[in-house]
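Heads up: the structure comes next, in structure tokens.
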Amino acid sequence: MNRLSHARVSPATANPPATRGRVAVLAALATLSVLGSAPALAGVLTFDNLHPDVYESGQTLNTSSYNLLFLADPTTAAGGGVSGVGAILDGRVGSSCDIAACPQGATGNYLAILNDGGVNFTRADHQAFTLAGFDYSFIAPVSGLPNQNWGQLQLSGTLSDGQVISTSLAFPGQGSDGNYHFQSASLLGGFSNYAFTGLSFNACIFNDTGACSNSLDFPAFNQGQFALDNINISAVPEPSTYMLMLAGLGAIGMLSRRRSGKFAASTVQGA
């Protein structure tokens, strides 16, 4: 802050316009820097910026500030082994899915979770985040299966206090062309209102008893497979971010009030 000299000044010049202007500009820049960073916290996570590739359990993929940890199927995990459970596939290339019945009609890359595996999302900066929606599809182990409800997509989110919130969604069936297609998720139970530190996706398959299973005791036999795309996910800003934003806005408001008051005072004196 510039120090004023001890010379006597009139009310109209006690705060020179140049000084007030510099302070106002600095406060505005501080606020705009925060406001400008806010939209970067939210966005739709796609996989078009990645090259098609396959991933084993235990590997981590980093994309758009998020870490994706690939999880082994329950049987492999119990034995301490490694299995191929993840892939980035190009939906425009039919040969990218030559055995399994992958979803049709994708305009770019998508994430495929295969062989009863799963994937866990966390932020690289360890911030909490919310999930507003996503597109998903069932990946049948082979094509030509009858059109029925084979299983569910399961979501488990961990809160900052360690509490786990879970929900599940029925997989969409086949389209009129006999193929599986992506469908937008309808999140249940206010799931999108929670701020998570970690979020896992996996699939279960209905067994002969009608239970949806993918566990060590009731395995899914490599049929628990799914695809994800267009994940609408948003980081939750730290409290200090909001404080800085409010401080910047408050500084601008205070300077505006001071300038209005001093302008009125100088007008009266000059009348």
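Okay, residues lined up against (1) at pLDDT below 95; (2) among the polar types (S, T, N, Q):
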| position | (1), (2) |
| --- | --- |
| 119 | no, no |
| 131 | no, no |
| 137 | no, yes |
| 143 | yes, yes |
| 156 | no, yes |
| 175 | yes, no |
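Given the conditions (1) more than 26 Å from residue 112 (Cβ to Cβ); (2) without any contact (Cβ under 8 Å) to a residue 24 or more places away in the chain; (3) open to solvent by less than 50 Å² (accessible area, probe 1.4 Å), report the number of the one that residue 213 does not fulfil.
Result: residue 213 passes all but (1).
So the check is Cβ under 6 Å with 6+ separation or different chains; which pairs have a first residue in region 68-94 that's within 20 Å of residue 109 (Cα to Cα) and a second one that's assigned to a strand (DSSP E or B) and among the small types (Gly, Ala, Ser)?
Going by the 6 Å Cβ cut-off, the qualifying pairs are 70/86; 87/112; 89/112.
Any idea which residue in region 173-192 is nearest to residue 139 (Cα to Cα), counting only those that are of a type in the set (S, T, N, Q) and part of a strand (DSSP E or B)?
It comes out as 174.
On the basis of being modelled with pLDDT of 95 or more and within 22 Å of residue 63 (Cα to Cα), does residue 112 make the cut?
Here the answer is yes, as residue 112 does meet what is asked.
Test each condition in (1) in contact with a Leu (Cβ under 9 Å, 6 or more places away or on another chain); (2) closer than 18 Å to residue 45 by Cβ for residue 123 and report the one that comes out false.
Here residue 123 meets the rest and fails (1).
Out of region 91-113, which residues are buried (at least 24 other Cβ atoms within 10 Å of the Cβ) and part of a loop (DSSP other than H, G, I, E, B)?
Within region 91-113, 102, 103 qualify.
So which residues in region 159-191 are open to solvent by 50 Å² or more (accessible area, probe 1.4 Å) and among the polar types (S, T, N, Q)?
Scanning region 159-191 gives 160, 163, 166, 176, 179, 183, 184, 186.
Looking at region 68-85, can you tell me whether even one residue there is closer than 23 Å to residue 234 by Cβ, of a type in the set (S, T, N, Q) and part of a loop (DSSP other than H, G, I, E, B)?
no
Among the listed residues 202, 230, identify the single one that is touching a Phe, Trp or Tyr at 6+ places or on another chain (Cβ under 8 Å) and modelled with pLDDT of 95 or more.
The match here is 230.
Among the candidates 187, 169, 131, 159, single out the residue that is in contact with a strand residue (DSSP E or B) (Cβ under 9 Å, 6 or more places away or on another chain) and closer than 17 Å to residue 47 by Cβ.
Selected residue: 131, the only one of 187, 169, 131, 159 that is in contact with a strand residue (DSSP E or B) (Cβ under 9 Å, 6 or more places away or on another chain) and closer than 17 Å to residue 47 by Cβ.
Please go through region 60-79 and pick out each residue that is open to solvent by 40 Å² or more (accessible area, probe 1.4 Å) and under 14 Å from the mean Cα position of the chain (by Cα).
62, 64, 65, 67
What do you reckon, is residue 133 within 20 Å of residue 220 (Cα to Cα) and small (Gly, Ala, Ser)?
Here the answer is no, as residue 133 does not meet what is asked.
Collect the residues in region 115-158 that are assigned to a loop (DSSP other than H, G, I, E, B), polar (S, T, N, Q) and either farther than 26 Å from residue 181 by Cβ or open to solvent by less than 40 Å² (accessible area, probe 1.4 Å) (or both), keeping them in residue-number order.
Within region 115-158, just 127 meets the criteria.
The values are calculated or read from the model by the stated rules, or taken from the named source; none is laboratory data. Remember, it's a predicted structure, so these values are computed and weren't measured experimentally. Ideal geometry is used to build each Cβ from the backbone, glycine not excepted, and the neighbour counts take in all protein chains shown. Surface areas here come from the heavy atoms of the whole protein model, side chains and all, with no ligands, DNA or RNA. Shrake-Rupley method; radii C 1.70, N 1.55, O 1.52, S 1.80 Å.
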